[in-house]
1. Is there a residue in the stretch 34-45 that is surrounded by 23 or more Cβ atoms within 10 Å (Cβ to Cβ) and touching a residue at least 60 places away in the same chain (Cβ under 8 Å)?
2. Please specify each residue of the stretch 83-100 satisfying the condition of being surrounded by fewer than 19 Cβ atoms within 10 Å (Cβ to Cβ) and either closer than 30 Å to V35 by Cα or among the hydroxyl-bearing types (S, T, Y) (or both).
3. For the stretch 84-114, which positions are more than 19 Å from R211 (Cβ to Cβ) and assigned to a loop (DSSP other than H, G, I, E, B)?
4. Give me the pairs: first residue in the stretch 7-30 and within 8 Å of ligand 1 (Cβ to nearest atom), second residue at pLDDT below 95 and in a strand (DSSP E or B), beta-carbon distance under 8 Å, and six or more apart or on different chains, which are they?
5. Is there any pair linking a residue in the stretch 184-201 that is over 15 Å from G291 (Cβ atoms) and in the same structural domain as N282 (by TED's automatic domain parsing) to one that is among the charged types (D, E, K, R) and assigned to a loop (DSSP other than H, G, I, E, B), with Cβ under 7 Å and at least six apart or on different chains, and which?
6. Just one of G16, G50, G82 is within 16 Å of ligand 2 (Cβ to nearest atom) and closer than 20 Å to A335 by Cα; which is it?
7. Test F326 against the criterion of being surrounded by 13 or more Cβ atoms within 10 Å (Cβ to Cβ), within 20 Å of L13 (Cβ to Cβ), more than 21 Å from the chain's Cα centre (by Cα) and touching a residue at least 12 places away in the same chain (Cβ under 8 Å), and give yes or no.
8. Quick one: is I299 touching a residue at least 12 places away in the same chain (Cβ under 8 Å), away from ligand 2 (no atom under 16 Å from the Cβ), closer than 30 Å to E24 by Cβ and assigned to a helix (DSSP H, G or I)?
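The values are calculated or read from the model by the stated rules, or taken from the named source; none is laboratory data. None of these values were measured; they are calculated from a predicted model. Every residue, glycine as well, gets a Cβ built from its backbone with ideal geometry; the counts of neighbours run over all protein chains shown.
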Amino acid sequence: MFGLGKTKSLVGLDIGSSAVKAVELRMKGSSYELVNLGIESLGQDTVVDGAIMDALSVSSAIEKIFNDQHIKTKNVATSVSGHSVIVKRVTVGANSEEELYSAIPYEAQQHIPFDMTDVNLSYQSLGPAPAGNGTDVMLVAVKREKILNHTNVLSQAGKTPTVVDYDGFAVYNAFEVNYEAPPEEMAALLNIGASIMNIVIARGGNPLFTRDVSVGGNQYTDTLQKELDLSFEDAEKLKQGLEISNVTQEQKLPHLRSVTEILMLEIQKTFDFFRQTTSTENIQHIYVSGGTAKIEGLIDQLKAEFNIPVEAINPFQRLVVDGKRFDLGYVDEIAPRMSVAVGLALRSFD
Ligand SMILES: Nc1ncnc2c1ncn2[C@@H]1O[C@H](COP(=O)(O)OP(=O)(O)OP(=O)(O)O)[C@@H](O)[C@H]1O
Ligand SMILES: [Mg+2]
């Protein structure tokens, strides 16, 4: 999205609110091979709603991953999401690359509710508009301070920020490499992390619509904490299926269910808005990534609610992962959480 320099080998580095995640890939024949993989948990208030509050803790976590995993590559691709990121598909009255380039700042002013002096602007041409004149464009605007927030932490950790992407596009990138979605299929990708759900609706290699909602795994933990009178740590364990004293796994289920209802309401609202503004076609398939994809019952509830196929994204599905170097059980377990980092690492090969 925002290229900050010349790219070669890049480490995909996802700074999430629950953890920092790193992935490095290389080409092996015509496949991608996993070279390095790391995840380092962050304390509760270190990253809040996608904003880095405690830069020192984050840069220490980054350094720890690079040291522990012996990652030598310094160039990093990272991503942002949440309030300070606006992604909008617009039709611009321009028919060449040059016309487009000069029309974008004006178009952005019409569509982006931020002061243009405060944002970094990027765009991707999606080809001629189907309805008449002009070109369809995906506009991306990110508050400059948000980008600085991320790049400063990377510099502090001794890394070179090379690409800044949007979480949703990174997931889509990872999805495309691992899944052969039919070109006509209208797919919705849900990346449900600890505090943010990125929703990307795409077809045939083109994202058509994105929205970020401030809901995620923390909401489940909060609810269990309140309803069952638990500490944050115990609520997290219970949520993830681990045993804790005095509460059975069955007791958590109605509470998980009710939070999933809230998430589904947001998803439904987003689908409705998409159909009102972008395309009247129905969503045909849902793919879920992020740690919260593993909430017990979530996938089944989504299937029942939307009546379409729903599956979890495994970003390593088609990657070469050497069982002698990596614990395959562990890779499988953390897979849904690594989608953004895999998508970012793939920017090495753009
Ligand atoms: N087995 C599991 N079952 C249920 N929830 C899980 C499980 N494993 C992880 N989670 C939850 O997933 C969330 C972390 O997911 P992820 O790593 O995708 O988020 P993040 O990228 O750190 O957050 P965000 O993108 O919202 O800032 C946490 O809320 C965690 O409790
Ligand atoms: Mg995330």
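1. Yes; the residues of the stretch 34-45 include at least one that is surrounded by 23 or more Cβ atoms within 10 Å (Cβ to Cβ) and touching a residue at least 60 places away in the same chain (Cβ under 8 Å).
2. T91, S96
3. Within the stretch 84-114, G93, A94, N95, S96 meet the criteria.
4. So the pair list comes out as S17/V48.
5. Here the result reads M186/E281, each pair linking the stretch 184-201 to a residue that is among the charged types (D, E, K, R) and assigned to a loop (DSSP other than H, G, I, E, B).
6. Every option except G16 fails the conditions.
7. yes
8. For I299, the condition - touching a residue at least 12 places away in the same chain (Cβ under 8 Å), away from ligand 2 (no atom under 16 Å from the Cβ), closer than 30 Å to E24 by Cβ and assigned to a helix (DSSP H, G or I) - is met.
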